[in-house]
Amino acid sequence: MALFKSRKRSSSPSYVSTLTIFLFIALCVFAVWMLSSKSVVTPQTQSDDDIATRTSIDTSVTNDELSASHEIAAKIAETAKDTASSVFGDNPGQLPDDAIKSDEKTSNIESQNQHIMASMDAQLSEESSLTQKEQASVIHEAGADSDVKITEPEKPQQTIPKASNKNKKDEEIAAAAVENQEQSIGKPQEVQGFDTKPEEQFREDKGAVEANPKPEMLQQDSEAALKGITSEQVPEKIENQKVEDVVEVTPKPKAEKKGRKSKKQWSTQAAQSQKENKRQKVESNSEEKLEDHEWYLCNVTANEDYIPCLDNEKAVKQLRTTRHYEHRERHCPQDPPTCLVPLPKGYRTPIEWPNSRDKIWYHNVPHKLLAEVKGHQNWVKVTGEFLTFPGGGTQFIHGALHYIDFLQQAQPSIAWGKHTRVILDVGCGVGSFGGFLFERDVITMSFAPKDEHEAQVQFALERGIPAISAVMGSQRLPFPSLVFDAIHCARCRVPWHVDGGMLLLELNRLLRPGGYFIWSATPVYQKLEEDVEIWKEMTTLTKSICWDLVTINKDELNQVGAAIYRKPTSNGCYNQRAQSEPPLCKDDDDPNAAWYVPLQACIHRVPVDKTERGGKWPEPWPRRLNKPPYWLNNSQTGIYGKPPAQDFAADTNRWKNVVEELTNIGITWTNVRNVMDMRSIYGGFAAALKDLPVWVFNVVTVDAPDTLPVIYERGLFGMYHDWCESFSTYPRSYDLLHADNLFSKLKDRCKLTAVMAEVDRITRPGGKLVVRDESSTLSEVRTLLNSLHWQILHDKIKEGVLCAKRGKWRPKAIAVS
């Protein structure tokens, strides 16, 4: 009895303990059941602990099986927190059974995707500020509803351990998950390119992925979303990388940043696709601190005569050959210079036209060599503080006017100033031929290389005569085809007969059908052995390209001769040649393509349809100035949105009052001679200045509609140019620059400071800049002009007009070479 009582006292606590254990187990079972029943909650409201304990339990299992399940669940809960932000680790296939349940897989991976998106945002923001706005819009769209917070784990990458061996079912399920994961990662996707989609399409693509997500798709889409592309557009080289090499969910210390090279490669695609095939973006102007910009003097060998694209010594030294005068062609610096060109010592305000045609200040162009070499030919002489120009040249020692009249007498149909209005002068020297043709109502595009004839083009510009620095080399000249009424070469030292006549064929491209080539050179009238041989080769070449030798005449006063050729107006001669040398150009060879296009020794066909450009000769001058070209297609839309003929008239009317407008904002026309329209359309601005003693150089930018042929058809002239590069002219060339909606179009492609440095370079001290543009751009231009110490003459930014005057200020500091 005592024993019984003793045993009864000892068994009472055991009974209570056993009951407590059963109650605890029951509560655990109930708790697990409750947690698993809540697994349908949306990912936005689930915590990491919810995901970790979300395990399905079979309530019919035994206590041993239940213990094993608890053991698995505990291990899963322990490792889930460590791997919440590194689910794409080295072994992503080792997942617990709850990660592959069909009713829970979507919500779990969606939560992981939100972790990835948020982490990628933080990770890329420190590397790619240029694309931050683009990234932010897409990231905000993809993750606006998510409130998941990313916590930095102690171990950045850790794989989830396998389930206990006590549960074979868990092992089989985990193995299946590994196999499924490996198959899906290894399966390549079809590459669709890099074209971006609208945000609406991106949302549709994202929704489709989330409906049936795969880990590698989520990985790629999180990367693609940052760049505005879908998973179908991810490049193949990214698809084939290991997932952890593409993106790291958890931000690592800076020393451990790896595998991010591909992110920046995509950053410019969206911007490029919106720029209508413009040049590759150089640098965003938004990063320039314009008000803090500090100017320096250029540290270059050319000093005050610096032309960046023609004085690139580093590029010239790397040329493999100079056989075709490649060293005289354009070689622009990779980074456009932002330095300022110094002034010559003693620089003075230029002499006004027409006196400037005969003399200029020596200190403005302080070069004597040409006077020493060519003084006896009346090119230029040094007379006290002046450089004087008797009006002569190698072929017209006794004056250009006599020579001009001699050519008219030799071929009366030239008809200076009526039939022949726009000509090209090759190897112009100091520009006297073009300078005196103004008296015959003819404008001349003169050019010569920057060579041993020291500053010849600079002399021409200082005199008030239009000219550029260029060379007949290996590339086409920057003009459209069929635009010059006549082309002139007086001892221009160009070997027309070599390389299959490639250089002469370039003139053939530029010359109008029926236009004249005037060749005044020693092979025409001398009998030296070399001259005779060159004449024979030229005769063969000109016949093979069907040029008709109209006349050969000798000027008795100057003791020179000139041969005048005429280009055919049909293709009949080309088809009847015994030998097709030079050959006809291929059909896909665009004769109007002229910006850095290599020369080819071939003949472009002549337009035979009278409705085509070049099919008929323009109206006589000055009637051609305000008459729309006959070849404008009225079925097309013009620049201003009207049929071309009406567009042409609208452009003319827009600028007809410009002289009065510019006078009212500070332009004094008596000291204006050299004018440039930096962004011309139909030439209406230049046409409005016809009655003033000025000439206007029209520039059609290379990324704008090609309206330069219209300008030439009007009896005006100009060239193609990209203002992200320097212009082919000397410093201090122009009295007035006019920029109509130019700078706002340049800001996306090049640094505004470099453009303004170029404006400062080519404008004379005392010269003016007139800018018409949007107010924000005008504010930036004004800031830079103030930093350059230009005087603001007219400041109506809200009205879209700004006018400023350049002074003589130069910084004292010199740029580091």
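The values are calculated or read from the model by the stated rules, or taken from the named source; none is laboratory data. Keep in mind that this is a model prediction, so the values were computed, not measured. Counting neighbours? That spans all protein chains shown, and the Cβs are built from the backbone with ideal geometry, glycine included. Heads up: the accessible areas ignore ligands, DNA and RNA and are worked out on the full protein's heavy atoms, side chains in. Shrake-Rupley method; radii C 1.70, N 1.55, O 1.52, S 1.80 Å.
Annotations for the structure displayed:
Yes/no matrix, rows are residues, columns are (1) at pLDDT 95 or above; (2) touching a strand residue (DSSP E or B) at 6+ places or on another chain (Cβ under 6 Å):
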{"residue": "Gly259", "(1), (2)": "no, no"}
{"residue": "Lys264", "(1), (2)": "no, no"}
{"residue": "Ala271", "(1), (2)": "no, no"}
{"residue": "Glu283", "(1), (2)": "no, no"}
{"residue": "Cys298", "(1), (2)": "yes, no"}
{"residue": "Ala315", "(1), (2)": "yes, no"}
{"residue": "Leu319", "(1), (2)": "yes, no"}
{"residue": "His327", "(1), (2)": "yes, no"}
{"residue": "Arg348", "(1), (2)": "yes, yes"}
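- Any hit, region 559-571, residues being in a helix (DSSP H, G or I) and surrounded by fewer than 19 Cβ atoms within 10 Å (Cβ to Cβ): no
- Residue check for Glu619: open to solvent by 10 Å² or more (accessible area, probe 1.4 Å), acidic (Asp, Glu), under 22 Å from Lys805 (Cβ atoms) and at pLDDT 95 or above: no
- Exactly one residue out of Val759, Val694 is surrounded by fewer than 20 Cβ atoms within 10 Å (Cβ to Cβ) and modelled with pLDDT of 95 or more: that is Val694.
- Filter result (of a type in the set (Phe, Trp, Tyr) and surrounded by fewer than 20 Cβ atoms within 10 Å (Cβ to Cβ)) within region 428-459: Phe438
- The C-beta contact set for region 782-797 (first residue on the phi > 0 side of the Ramachandran plot, second residue open to solvent by less than 30 Å² (accessible area, probe 1.4 Å) and not polar (S, T, N, Q), distance under 9 angstrom, 6+ apart or interchain) comprises His789/Arg806; His789/Gly807.
- Scanning region 493-524 for residues that are open to solvent by 20 Å² or more (accessible area, probe 1.4 Å) and assigned to a loop (DSSP other than H, G, I, E, B), we see that the one that is farthest from Ile545 (Cα to Cα) is Arg493.
Here's the yes/no breakdown for (1) β-branched (Val, Ile, Thr); (2) open to solvent by less than 20 Å² (accessible area, probe 1.4 Å); (3) more than 26 Å from Met445 (Cα to Cα):
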{"position": "Phe717", "(1), (2), (3)": "no, yes, no"}
{"position": "Glu725", "(1), (2), (3)": "no, no, no"}
{"position": "Lys747", "(1), (2), (3)": "no, no, yes"}
{"position": "Leu752", "(1), (2), (3)": "no, yes, yes"}
{"position": "Leu769", "(1), (2), (3)": "no, yes, no"}
{"position": "Thr777", "(1), (2), (3)": "yes, yes, yes"}
{"position": "Arg782", "(1), (2), (3)": "no, no, yes"}
{"position": "Gln791", "(1), (2), (3)": "no, no, yes"}
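- Verdict on Val755 being touching an Asp or Glu at 6+ places or on another chain (Cβ under 6 Å) and β-branched (Val, Ile, Thr): no
- Region 565-600, residues that are within 16 Å of Ser544 (Cα to Cα) and in contact (Cβ under 8 Å) with a residue 60 or more places away in the chain: Glu581, Pro582, Gln600
- Criterion (in contact with a strand residue (DSSP E or B) (Cβ under 8 Å, 6 or more places away or on another chain), within 19 Å of His398 (Cβ to Cβ) and not in a helix (DSSP H, G or I)) met by exactly one of Gly434, Gly429: Gly429
- Flag if Ser474 is in the same structural domain as Ala563 (by the TED database), of a type in the set (S, T, N, Q) and open to solvent by 10 Å² or more (accessible area, probe 1.4 Å): yes
- Residue tally, condition among the hydroxyl-bearing types (Ser, Thr, Tyr) and modelled with pLDDT under 95, over region 590-616: 1
- In region 537-552, the residues that are touching a residue at least 60 places away in the same chain (Cβ under 8 Å) reach residues that are open to solvent by less than 20 Å² (accessible area, probe 1.4 Å) and outside any loop (DSSP other than H, G, I, E, B) with C-beta atoms within less than 8 angstrom, at least six apart or across chains, in these pairs: Val550/Tyr516; Val550/Ile564; Val550/Tyr565; Thr551/Ala410; Thr551/Ala563; Thr551/Ile564.
- Total residues in region 518-540, condition in contact with a Phe, Trp or Tyr (Cβ under 9 Å, 6 or more places away or on another chain) and either of a type in the set (D, E, K, R) or more than 30 Å from Trp416 (Cα to Cα) (or both): 2
- Unmet requirement for Cys585, which otherwise passes all of (1) within 40 Å of the chain's Cα centre (by Cα); (2) surrounded by fewer than 17 Cβ atoms within 10 Å (Cβ to Cβ); (3) among the hydrophobic types (A, V, I, L, M, F, W, C): (2)
- Residue check, Val816 surrounded by fewer than 23 Cβ atoms within 10 Å (Cβ to Cβ) and in contact with a Lys or Arg (Cβ under 6 Å, 6 or more places away or on another chain): no
- The requirement of being touching a strand residue (DSSP E or B) at 6+ places or on another chain (Cβ under 9 Å) and either under 23 Å from Gln475 (Cα atoms) or open to solvent by 20 Å² or more (accessible area, probe 1.4 Å) (or both) is not satisfied by Lys610.
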